[in-house]
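Visitor: Here it is: the structure, laid out below.
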Amino acid sequence: MRFRSFFITLLLAGAWVWSRSLSAAEVPAATEFNQTVRPVLEEYCYDCHGGGEKRGGVALDTLSSSSNFVEGREVWWRVLKNLRAGLMPPAKKSQPSKEQKALIARWIKHGVFETDPLNPDPGRVTLRRLNRVEYQNTIRDLIGVEFDTQGEFPPDDTGHGFDNIGDVLTMSPMLLEKYMVAAETIIAQAVPVVAGVPVEQVIPGSQFRDEPDSGLNSSGSRSLSYYSPAFVTNTFHAPHEGQYQLKVDLRVNEKFVDNVFDYNKCLVFFRLDGKELLKKEFAWEGGKSYHFKYDQAWAAGVHQLDFELKPLTPGLEQARTLSMQITGVTVSGPMAKENWVKPTNYTRFFPKDVPKTASARRAYARELLGDFARRAFRRPVDRKMSDRLADLAESVYGQPGKTFEAGVAKAMVAILASPKFIFRQESVEPARGQPYALVDEYALASRLSYFLWSSMPDDELCRQAAAGTLRKNLSTQVARMMEDKRFDALKKNFVGQWLQARDIETVPIDARSVLAREQKFDPEREAQRKRFRALNDKATELTQEEKDEMKSLRATLFGSRRQPRADLTPELRRAMRQETESVFDYIVRENRSLLELLDSDYTFVNERLARHYSLTNVVGQEMRRVTLPPESPRGGILTEGTVLAVTSNPTRTSPVKRGVFILDNILGTPPLPPPPNIPPLEDAIKDLTNRAPTLRETLAVHRENVLCASCHDRMDPPGLALENFNAMGMWRDQEFDQQIDPSGKLVTGEGFSNIKELKRLLVKNHAEDFYRTLTQKLLTYALGRGLDYYDVETVDQIVARIEKSGGKPSALLAGIIESAPFQRTRGIAPVTADADLKSRTSQITGMTGGNTK
């Protein structure tokens, strides 16, 4: 071509520029652009994006001066992504050489983005609230309470595919109120407010038998049928004479049958040493619980506890399965204080005896609360904060009838309601001549623990941070953290969102409809399905004739209660999620190649999942690593049940969803969002009634629309490669009696005949794309923010590190943890949480009638 000889000279010059690693200050971006970059763009790009052409809304020849390089950063970022992914120029066009691509990439990074490889921009800082998972885990590790954040807090918003993104973790008035209530609930559950309580013993319902048996050690409940007489008993040994209290817990259970009611009744007795304490009639109660308390004066020795159930309606039809569940009997006593013991967890929160003098009590309160606040806030607290918390505690325990423990507990409520607990506060170290300051070691400890554990730093991380040795001992600490069971959080929360493994628990899949597509096409039944869907989707109210028609169609299509040959039961869904998590965890912990996520000769299954995958010789419910047969199409995340199910529609596979999944999560080239008001895919072939078209045929018709073709040419081929797996992840060869064709060609030009070839192709030709995509996803998760153009240099350095290691996960984790965005910050505005804590403690004490000093 006309520029060929010129390019040789330019590339030699470009290589020299590369070797010198010149910055934009040494060679102005415009000069370098005109000398080395523009000629390449003129040859390969300007046909579509210059000289009056503006395909995709991009005209590169208008972004040719230093005055608009910065303004056009978003465009140049797109250019860089498409160039690296091989999307531009299109595969049918002549392609720039590897050296030319590297030349353009280097200029974009250093000329347009103005990045410094030695000091990459760490990016902006977003104040991050703990999300539901992080809050729950932090409370568990701080206090030992398993608080149900899923039920108590609203769902967290997601951004960039994850629910720990600072920009979307907002604080609504409702959520603020829930944090206040949660703080009180958690402390009330965990922290004792008295120094002594009567001894309490629980007799599980399962230990009540037909005959007394002192050797029983089972736990759980005991169910008595409404329809049969029953008598169960147990004994309790009272160690001392005195006053005791018994609490009896019962629950009415039923096996639900839709629109069927059971009017049977029973009579339940509870007797103590033959004396009747309870006689109550029960009917159908819909799972209602009952609690009864009885005060008794007992002599020391053995006492007999009996339950008896008598049916009251023996001749009545049994329409359901009703039963009385004995949850348990709790015995407290004796009530005399000389027999009291310390409450559960007392020494955890109050390791020393409470002092007698006022000054010593205040000092002890300051010590306890200062240490608790340090752990809760994940950094040291000053004396002013400790004094304020001690004031709050004293304002409570100084009231008549209030205990020292109650005062400390109230101050702990204030700590958990503080923004210093709810948000991840950070500070910085002196810059020491660097353009970007390091976050201090306490912030680093939190970044590390919430990345790997989704929880607060433990004592060892805090000790290292206090000593100023965490940063230099990072590799040792990361290795230690990976051995901790809390490291499971990474696979559950990162993998659960990156690969959508969380969604397998709830994704709707109609097994009957999915499996029906593997039968011979029935035009009449298909017409009935279409008519039923049309009536079901009708916006206006149905006429009586239409209601009758819909009822008849429902009976015809869904009347059979026969179970399909396979179904996504909760047990199977759980096994699928565990497979995805186990494969990732195995590769990371064993430091195997990350490319095994794309293609491998093994997976993790239990007996139920193995049967679903048609694998043999797997027995038991425990997940274990199995080597796949040589001919197996399984191996790698793309053929796991989770991915295959969550990228399907309820009644069929979705090559579009599956293709988008591969482009977004494997290759890092997600398509643009679809335009609004796209008709259903089936509308493309709605006039075809004599046979069922394959999804490949349907998509081919859909792509005839030029507006749809550009995206579907990228999405459809990798999605269709997975068509041999139905919407439940089971292998199939045919759909509607027609052979499935999984062959295709990627938009980058490589062809494949089936999923096994596609996986090998991804490993061979697109390893760098996968490394970059996985790095971007995990870095986004670790930082809690979306990536921007200034993060390109950081990502490139991590990818280079992974490639040098041979694809090891250790290089990925170390690269992220040691990166500038993880270690440094542009700057942090101070978080004025102290004032907020002062007002919040006033609110709390006002709610309880206390007074702050």
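Visitor: Can you spot a residue in segment 704-713 that is modelled with pLDDT under 90 and among the β-branched types (Val, Ile, Thr)? Before the answer, list the steps.
Guide: Residues of segment 704-713 modelled with pLDDT under 90: 704-713.
The next check asks that each one be among the β-branched types (Val, Ile, Thr); those that pass are 706.
The answer is yes, given that some residue of segment 704-713 is modelled with pLDDT under 90 and among the β-branched types (Val, Ile, Thr).
Visitor: Limited to segment 140-194, what total is found for residues that are loosely packed, with under 13 Cβ neighbours inside 10 Å, acidic (Asp, Glu) and not in a helix (DSSP H, G or I)?
Guide: The total comes to 3.
Visitor: Can you pull out every residue in segment 333-361 that is outside any loop (DSSP other than H, G, I, E, B) and surrounded by 19 or more Cβ atoms within 10 Å (Cβ to Cβ)?
Guide: Residues of segment 333-361 that are outside any loop (DSSP other than H, G, I, E, B), as a first pass: 337-339, 341, 346-349, 358-361.
Across segment 333-361, the qualifying residues are Phe349, Arg361.
Visitor: Quick one: in segment 195-248, which of the residues that are among the hydroxyl-bearing types (Ser, Thr, Tyr) and assigned to a loop (DSSP other than H, G, I, E, B) is modelled with the lowest pLDDT? Working first, answer last.
Guide: In the first step, residues of segment 195-248 are kept if they are among the hydroxyl-bearing types (Ser, Thr, Tyr); the result is 206, 214, 218-219, 221, 223, 225-228, 233, 235, 244.
Next, only the ones that are assigned to a loop (DSSP other than H, G, I, E, B) stay: 214, 218-219, 221, 226-228.
Working: Ser214: 47, Ser218: 66, Ser219: 73, Ser221: 89, Tyr226: 94, Tyr227: 94, Ser228: 94.
The extreme case among them is Ser214.
Visitor: Any residue at all in segment 82-97 that is farther than 24 Å from Asn665 by Cα, among the aliphatic types (A, V, I, L, M) and without any contact (Cβ under 8 Å) to a residue 60 or more places away in the chain?
Guide: Pass one, segment 82-97, residues farther than 24 Å from Asn665 by Cα: 92-97.
Filter once more, keeping what is among the aliphatic types (A, V, I, L, M): none.
No, segment 82-97 contains no residue that is farther than 24 Å from Asn665 by Cα, among the aliphatic types (A, V, I, L, M) and without any contact (Cβ under 8 Å) to a residue 60 or more places away in the chain.
Visitor: Just one of Thr647, Thr580, Thr639 is of a type in the set (Ser, Thr, Tyr), open to solvent by less than 10 Å² (accessible area, probe 1.4 Å), under 24 Å from Asp713 (Cβ atoms) and out of contact with any Lys or Arg (no Cβ under 7 Å at 6 or more places or on another chain); which is it?
Guide: Thr639
Visitor: Right, next: Kindly establish whether Asp295 is more than 30 Å from Ala190 (Cα to Cα), in contact with a strand residue (DSSP E or B) (Cβ under 8 Å, 6 or more places away or on another chain) and either among the aliphatic types (A, V, I, L, M) or open to solvent by 50 Å² or more (accessible area, probe 1.4 Å) (or both). Outline the logic, then answer.
Guide: On the way: more than 30 Å from Ala190 (Cα to Cα): no; in contact with a strand residue (DSSP E or B) (Cβ under 8 Å, 6 or more places away or on another chain): yes; either among the aliphatic types (A, V, I, L, M) or open to solvent by 50 Å² or more (accessible area, probe 1.4 Å) (or both): yes.
Criteria not met by Asp295.
Visitor: Also: Among what's in segment 277-292 and is hydrophobic (A, V, I, L, M, F, W, C) and more than 17 Å from Tyr244 (Cβ to Cβ), pick the residue that is surrounded by the most Cβ atoms within 10 Å (Cβ to Cβ). Spell out the reasoning first.
Guide: Narrowing segment 277-292 to residues hydrophobic (A, V, I, L, M, F, W, C): 277-278, 282-284, 292.
So of that shortlist, the ones also more than 17 Å from Tyr244 (Cβ to Cβ) come out as 282-284.
Numbers: Phe282: 19, Ala283: 14, Trp284: 17.
Within segment 277-292, the match that is surrounded by the most Cβ atoms within 10 Å (Cβ to Cβ) is Phe282.
Visitor: Next up: Is segment 421-433 home to any residue that is of a type in the set (A, V, I, L, M) and under 24 Å from the mean Cα position of the chain (by Cα)?
Guide: Residues of segment 421-433 that are of a type in the set (A, V, I, L, M), as a first pass: 422, 428, 431.
Checking the rest, the ones that are also under 24 Å from the mean Cα position of the chain (by Cα) come to 422.
Checking segment 421-433: at least one residue is of a type in the set (A, V, I, L, M) and under 24 Å from the mean Cα position of the chain (by Cα).
Visitor: Suppose we filter segment 782-806 for residues that are in contact (Cβ under 8 Å) with a residue 60 or more places away in the chain and buried (at least 22 other Cβ atoms within 10 Å of the Cβ); how many remain?
Guide: Number of matching residues: 8.
Visitor: Looking at Leu535, is it among the aliphatic types (A, V, I, L, M) and at pLDDT 95 or above? Give the derivation first.
Guide: Values: among the aliphatic types (A, V, I, L, M): yes; at pLDDT 95 or above: no.
When the stated conditions are applied, Leu535 does not pass them.
Visitor: Here's a follow-up. Filter segment 305-332 down to the residues that are in contact with a helix residue (DSSP H, G or I) (Cβ under 8 Å, 6 or more places away or on another chain) and open to solvent by 10 Å² or more (accessible area, probe 1.4 Å), then identify the one that is farthest from Lys293 (Cα to Cα).
Guide: Checking each candidate, the answer is Gln325.
Visitor: Suppose the filter is among the small types (Gly, Ala, Ser), surrounded by 17 or more Cβ atoms within 10 Å (Cβ to Cβ), within 29 Å of Cys711 (Cα to Cα) and at pLDDT below 90; does Ala102 pass it?
Guide: Values: among the small types (Gly, Ala, Ser): yes; surrounded by 17 or more Cβ atoms within 10 Å (Cβ to Cβ): yes; within 29 Å of Cys711 (Cα to Cα): yes; at pLDDT below 90: no.
No: the conditions fail for Ala102.
Visitor: Right, another one. Counting only residues that are open to solvent by less than 10 Å² (accessible area, probe 1.4 Å) and aliphatic (A, V, I, L, M), how many does segment 466-493 have?
Guide: The total comes to 3.
Visitor: Checking the conditions here, which among Lys402, Lys384 is open to solvent by 40 Å² or more (accessible area, probe 1.4 Å), under 26 Å from Gln245 (Cβ atoms) and either part of a helix (DSSP H, G or I) or among the basic types (Lys, Arg) (or both)? Let's see the steps before the verdict.
Guide: Details: Lys384 fails: under 26 Å from Gln245 (Cβ atoms).
Only one candidate qualifies: Lys402.
Visitor: So for segment 441-456 (the condition being acidic (Asp, Glu) and over 23 Å from Leu779 (Cβ atoms)), does at least one residue qualify?
Guide: Here is the first cut: in segment 441-456, the ones acidic (Asp, Glu) are 441.
After this cut, where a residue has to be over 23 Å from Leu779 (Cβ atoms) as well, the list is none.
No, segment 441-456 contains no residue that is acidic (Asp, Glu) and over 23 Å from Leu779 (Cβ atoms).
Visitor: Sticking with this one: Looking at segment 747-767, which of its residues are assigned to a loop (DSSP other than H, G, I, E, B), surrounded by 19 or more Cβ atoms within 10 Å (Cβ to Cβ) and at pLDDT 95 or above? Walk me through how you get there before you give the answer.
Guide: Pass one, segment 747-767, residues assigned to a loop (DSSP other than H, G, I, E, B): 747-750, 753-754, 766.
Cutting the leftovers down to surrounded by 19 or more Cβ atoms within 10 Å (Cβ to Cβ) gives us 747, 766.
Of everything in segment 747-767, just one residue is assigned to a loop (DSSP other than H, G, I, E, B), surrounded by 19 or more Cβ atoms within 10 Å (Cβ to Cβ) and at pLDDT 95 or above, namely His766.
Visitor: Oh, and also: In segment 49-67, what residues are at pLDDT 75 or above, of a type in the set (S, T, N, Q) and not in a loop (DSSP other than H, G, I, E, B)?
Guide: Hit for segment 49-67 is Thr62, nothing else.
Visitor: Now for a different question. Could you say which residue among Leu595, Leu681 is modelled with pLDDT under 95 and out of contact with any strand residue (DSSP E or B) (no Cβ under 7 Å at 6 or more places or on another chain)? Spell out how you get there, then give the answer.
Guide: Details: Leu595 fails: modelled with pLDDT under 95.
Exactly one residue qualifies, and that residue is Leu681.
Visitor: Something else now. Could you identify the single residue in Pro122, Pro117 that is in a loop (DSSP other than H, G, I, E, B) and buried (at least 21 other Cβ atoms within 10 Å of the Cβ)? Give the steps one after another, and end with the answer.
Guide: Values: Pro117 fails: buried (at least 21 other Cβ atoms within 10 Å of the Cβ).
None of the other options fit; the residue is Pro122.
Visitor: Could we say that Phe423 is among the aromatic types (Phe, Trp, Tyr) and under 24 Å from Glu177 (Cα atoms) here? Step through it out loud before you land on a result.
Guide: Numbers: among the aromatic types (Phe, Trp, Tyr): yes; under 24 Å from Glu177 (Cα atoms): yes.
For Phe423, the condition - among the aromatic types (Phe, Trp, Tyr) and under 24 Å from Glu177 (Cα atoms) - is met.
Visitor: Got a number for residues in segment 254-276 being open to solvent by 40 Å² or more (accessible area, probe 1.4 Å) and in a strand (DSSP E or B)?
Guide: From segment 254-276, those open to solvent by 40 Å² or more (accessible area, probe 1.4 Å) are 254-261, 263, 265, 271, 273-276; that's our starting set.
Going one step further and asking which of them are in a strand (DSSP E or B), we end up with 254-255, 271, 275-276.
Result for segment 254-276: 5.
Visitor: Only one of (1) within 23 Å of Leu746 (Cα to Cα); (2) exposed (fewer than 15 other Cβ atoms within 10 Å of the Cβ); (3) touching an Asp or Glu at 6+ places or on another chain (Cβ under 9 Å); (4) of a type outside the set (Val, Ile, Thr) fails for Ser97. Which number is that?
Guide: Result: Ser97 fails condition (3) only.
Visitor: Hey, another quick one. Mind checking which residues of segment 365-381 are part of a helix (DSSP H, G or I) and open to solvent by less than 40 Å² (accessible area, probe 1.4 Å)?
Guide: Keep residues of segment 365-381 that are part of a helix (DSSP H, G or I), which gives 365-377.
Across segment 365-381, the qualifying residues are Ala365, Leu368, Leu369, Gly370, Phe372, Ala373, Ala376, Phe377.
Visitor: May I pose another question? Cβ-Cβ under 9 Å, sequence separation 6+ or interchain: first residue in segment 107-133 and without any contact (Cβ under 8 Å) to a residue 24 or more places away in the chain, partner in a loop (DSSP other than H, G, I, E, B). Which pairs?
Guide: Leu118/Ser21
Visitor: Considering only segment 56-74, state which residues are open to solvent by 40 Å² or more (accessible area, probe 1.4 Å), within 41 Å of the chain's Cα centre (by Cα) and of a type outside the set (D, E, K, R).
Guide: Gly56, Gly57, Val70
Visitor: Within segment 720-746, restricting attention to residues that are in contact with a strand residue (DSSP E or B) (Cβ under 9 Å, 6 or more places away or on another chain) and small (Gly, Ala, Ser), which residue is least open to solvent (accessible area, probe 1.4 Å)?
Guide: Only one residue tops the list, namely Ala721.
Visitor: Specify the residue that is least open to solvent (accessible area, probe 1.4 Å); the eligible residues are those in segment 529-544 that are of a type outside the set (Lys, Arg) and either touching a Leu at 6+ places or on another chain (Cβ under 6 Å) or within 20 Å of Ala516 (Cβ to Cβ) (or both). I'd like the intermediate steps shown before the answer.
Guide: Taking segment 529-544 and keeping what is of a type outside the set (Lys, Arg), we get 532, 534-537, 539-544.
This time we only want the ones that are either touching a Leu at 6+ places or on another chain (Cβ under 6 Å) or within 20 Å of Ala516 (Cβ to Cβ) (or both), so: 532, 534-537.
On the way: Phe532: 27, Ala534: 55, Leu535: 7, Asn536: 93, Asp537: 115 Å².
Only one residue fits best here, namely Leu535.
Visitor: A further question on this structure: Filter segment 593-636 for residues that are in contact with a Phe, Trp or Tyr (Cβ under 8 Å, 6 or more places away or on another chain) and over 30 Å from Lys804 (Cα atoms); which is most open to solvent (accessible area, probe 1.4 Å)?
Guide: Applying the filter and picking the extreme gives Ser614.
The values are calculated or read from the model by the stated rules, or taken from the named source; none is laboratory data. Note that the coordinates shown come from a computational prediction; the quantities given were computed from them, not determined experimentally. Glycine also receives a Cβ, built like all others from the backbone with ideal geometry; neighbour counts cover every protein chain displayed. Heavy atoms of the whole protein, side chains included, go into the accessibility calculation; ligands, DNA and RNA do not. Shrake-Rupley method; radii C 1.70, N 1.55, O 1.52, S 1.80 Å.
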